[in-house]
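Take a look at the structure set out below.
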Amino acid sequence: MTGEVAVLGAGMHPWGKWGRGFVEYGTVAARAALADAGVDWRDVGSIVGADTVRGGYPGYVAGATFAKALGWQGARVASVYAACASGAQAVNTARAQILSGLADVVLVVGADAAPKGFFRPAGGDRADDPDWLRFRVLGATNPTYFGLYARRRMAVHGDTLEDFAQVKVKNAALGALNPNARYRKRVTAEQVAASAVVADPLRLLDICATSDGAAALVLSSMEFARRHGTADRVRIRAVSTVTPRYPNTVLDLPDIATDSAVAAEPAADTFRASIARAAYEEAGVGPGDLSLAEVYDLSTSLELQWYEDLGLCGEGEAAKLLREGATALGGRIPVNVSGGLASFGEAVPAQAIAQVCELTWQLRGAAGDRQVAGALVGITANQGLFGHGSSVIAVR
């Protein structure tokens, strides 16, 4: 186990399509987190920004961009990028600065202004870029991979379209209770089934949208939190940012082929399972200790996969866990009580930070109608392109 850091404040800019710039969204979230923490911006010793590739040069140096927007005050600055895991990498960078003694208080911010429709590749020809290859050689958009994952679960584990639809029904009901969610309307399984097919077998309502939004956290050393008089502190106990192990025998976005296992035995865990295992080991907890989980539901079938990867159930048992109501609010292990990406959509640099915001509010007992009773331990799970994975464990 490593040292803990305190979560003093959490803030968000609501998700949606607002037609404004990512800097405005991030500044709103940052100010909300500072106000929640009761910390003055001038007392922040470092700011860590999760980068966006859609904001031009300011997006590539997000830490400095947000520091300037809030008002230069001499704080340290760092900017990180890890695709969809950028927010967790930013949290990890902040934690490292605090534990090393470089800063007592660190502000973490991620924000995005996403394009309409599904994500497309960056411009230019790059024959050695797997992301370029999968678009240009296969024409494989993100939903293509989501459909492949879904077909694999149907073939290997017997999951059904009804199972996938019930994930959306669950998350939409929870998103309807979240004032920061983009989609705040309940849906039925029949509405999911009637929505347009995007990448067989997945329908439009099985797949998350792309969104504008922002999230921010104020983290501190435990000593500063005690001096600050923060009662009932939420603490981050672990951050996992592991990479895959060779050979990788499960097809994963954006790769278009798996590794050969002829010369080396595959690892006991898949990549996603190893992300959670590393977090559990660092935190000194296990799946049975969890009160809730926030997972990366790019599609309904991927949420089911995370149930197994987090060890919430055995392999192939995710749909059964869902059908039993175990992952619903009030169940044994509620998953995505925020409403998940199904209710928010992707705002890439912000989403892993938003997951920790939700854990913070839940562990404080401040989540309102979507509160998990007696929440003590929460985990997040996220994955980015090119072997970036992340998981954060927070405790009260």
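Label positions at S260 and S100, each projected 7 Å from the Cα along the C-beta direction, are separated by 4.1 nm.
Across the accessible surface of the range 184-311, with the other protein chains kept in place and a 1.4 Å probe, carbon and sulfur atoms take up 50 percent. Placing a label point 7 Å from the Cα of A268 along the Cα-to-Cβ direction, none of the residues of the range 363-396 has a backbone N under 17 Å of that point. Our analysis of the range 142-238 gives Rg over Rh at 1.17, with the two radii drawn from alpha carbon positions and Rh computed by the Kirkwood formula.
Fully extending the segment from D369 to R54 would add 109.9 nm, taking 0.36 nm per residue of separation and subtracting the current Cα-Cα distance. The alpha carbons of the chain stretch over 55, 50, 46 Å along the principal axes, in descending order.
What the Cβ-Cβ distance of T160 and E223 gives, at R0 = 51 Å and to the nearest 0.05, is a FRET efficiency of 0.45. Put a dot 7 Å past the Cα of L148, heading toward its Cβ, do the same for K185, and the two dots end up 3.3 nm apart. Per-residue ellipticity at 222 nm, computed for the chain from helices alone with -39500 (n - 2.57) per DSSP H run of at least four residues, works out to -11000 deg cm²/dmol. The Rg/Rh ratio of the range 232-310, with Rg taken over Cα atoms and Rh as the Kirkwood radius over Cα pairs, comes to 1.02. Taking amide H as placed 1.01 Å from N in the peptide plane, the amide H of V234 sits under 5 Å from that of V7, each at least 5 places away or on another chain. Suppose we keep just the DSSP beta bridges with both residues in the chain; what percent of those would be antiparallel, to 5? Looking only at bridges with both residues in the chain, the antiparallel portion is about 65 percent.
Accessible surface area normalised per residue over the chain is 39 Å², counting heavy atoms of protein chains with a 1.4 Å rolling probe.
Whole number please: convex hull volume per residue, Cα atoms of the range 10-93, in Å³.
94
If one puts a single equal scatterer on every Cα of the range 99-174 and applies the Debye formula without solvent, what log₁₀ I(q)/I(0) results at q = 0.12, 0.14 Å⁻¹? With no solvent term, the Cα-only Debye profile gives -0.68, -0.81.
The values are calculated or read from the model by the stated rules, or taken from the named source; none is laboratory data. No experiment lies behind these values; they were computed from the predicted model shown. As a convention, Cβ positions derive from the backbone with ideal geometry for all residues, glycine included, and neighbour counts pool all protein chains shown. Ligands, DNA and RNA are excluded from the accessible area calculation, which covers all protein heavy atoms including side chains. Shrake-Rupley method; radii C 1.70, N 1.55, O 1.52, S 1.80 Å.
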